[in-house]
Amino acid sequence: MPTTPHHARLTGEELPVDLMNTVWSGPGGVADVLATSESTMDWIREIAPRLPQQHPSFTHWLASATPLSARMAAYDLRRLRDAVRGLAGELTGDRRQGIPPVPDRATALDVLNSAVAGAPHWPALVWRPRSEPELGVQGDVPGGVAAVGQIARQAVELFGGRDRQRLRACPAPGCSNYFLDFGRRGRRTWCSSSCGARVRTARKRQPG
């Protein structure tokens with residue numbers, strides 16, 4: 001189970017959930033990994049190896065993104081993040097405060113489905129010399145759009161599949177993380193051991 005200190009960002013979840021957790025409540029207020037184009041590009045580089053398929057345009061863009069394209073990617077990812085947080089909140093019954101407002105269901109669905117449709121690509125067979133055949137992708141879309149589209153597609157698969165039943169909102173006070181409970185009995189309560197320990201300690205200190 002990933003561990004994080006109090007008010008920290010949870011990482012290592014499925015990409016759509018990692019995207020949800022790019023905003024969290026910190027000691028100084030709300031912290032947002034996607035607040036600037038520079039921090040957004042750092043996050044994209046962080047998760048790039050976990051994208052299921054590396055589109056050629058994405059690889060080129062990641063190495064030489066223009067300031068404008070980086071700003072557009074940051075804007076698109078923030079919109080997608082707020083949309084999937086809104087859907088996750090509705091699915092889990094979570095209405096935590098202290099994070100950016102999320103759109104209503106209809107708006108969130110429109111943002112999510114538009115992000116998927118905006119990055120059309122299709123399978124391709126790649127077979128390099130002295131290597132095994134592998135699945136690739138092809139399509140003529142900007143690299144930033146391709147990255148947003150892949151994460152959006154995974155979000156559609158998450159909310160539209162059985163794993164949505166595993167989505168949880170950490171109930172620890174001050175925590176804004178979501179996580180997927182893949183425990184054998186579905187009994188994971190906290191996003192991290194530190195959140196669980198903090199809540200148990202607070203309970204012990206209560207009188208009576």
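The values are calculated or read from the model by the stated rules, or taken from the named source; none is laboratory data. This one's a predicted model, so the numbers in the text were calculated from it and none came from an experiment. Cβ sites come from the backbone with ideal geometry, for glycine too, and all protein chains shown count toward neighbours. When the accessible area is computed, the model is the full protein with side chains, heavy atoms only, and any ligands, DNA or RNA have been set aside. Shrake-Rupley method; radii C 1.70, N 1.55, O 1.52, S 1.80 Å.
Considering only residues in segment 109-138 that are free of Cβ contacts under 8 Å to residues at least 12 places away in the same chain and part of a strand (DSSP E or B), the one that is least open to solvent (accessible area, probe 1.4 Å) turns out to be 126.
Can you tell me which residues in segment 139-171 are open to solvent by 50 Å² or more (accessible area, probe 1.4 Å) and either aromatic (Phe, Trp, Tyr) or not in a helix (DSSP H, G or I) (or both)?
Applying the first criterion (open to solvent by 50 Å² or more (accessible area, probe 1.4 Å)) to segment 139-171 yields 140, 142, 153, 156-157, 160, 162-166, 168, 171.
140, 142, 168, 171 - these are the residues of segment 139-171 that are open to solvent by 50 Å² or more (accessible area, probe 1.4 Å) and either aromatic (Phe, Trp, Tyr) or not in a helix (DSSP H, G or I) (or both).
Of the helices (runs of 4 or more DSSP H) lying entirely inside segment 12-106, those carrying at least 3 residues that are touching a strand residue (DSSP E or B) at 6+ places or on another chain (Cβ under 9 Å) and within 24 Å of residue 120 (Cβ to Cβ) are 67-92. Checked against the criterion of being exposed (fewer than 14 other Cβ atoms within 10 Å of the Cβ), at pLDDT 90 or above and aliphatic (A, V, I, L, M), the candidates 73, 106 yield just one match: 106. Output the residues belonging to segment 172-185 that are open to solvent by less than 30 Å² (accessible area, probe 1.4 Å), over 15 Å from residue 85 (Cα atoms) and not small (Gly, Ala, Ser). The one that is open to solvent by less than 30 Å² (accessible area, probe 1.4 Å), over 15 Å from residue 85 (Cα atoms) and not small (Gly, Ala, Ser): 181.
Quick grid of which residues meet (1) more than 30 Å from residue 197 (Cα to Cα); (2) at pLDDT 90 or above; (3) open to solvent by 20 Å² or more (accessible area, probe 1.4 Å):
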| residue | (1), (2), (3) |
| --- | --- |
| 24 | no, no, yes |
| 53 | yes, no, yes |
| 86 | no, yes, no |
| 97 | no, no, yes |
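Scanning segment 55-70 for residues that are out of contact with any helix residue (DSSP H, G or I) (no Cβ under 7 Å at 6 or more places or on another chain) and modelled with pLDDT under 90 yields 56, 59.
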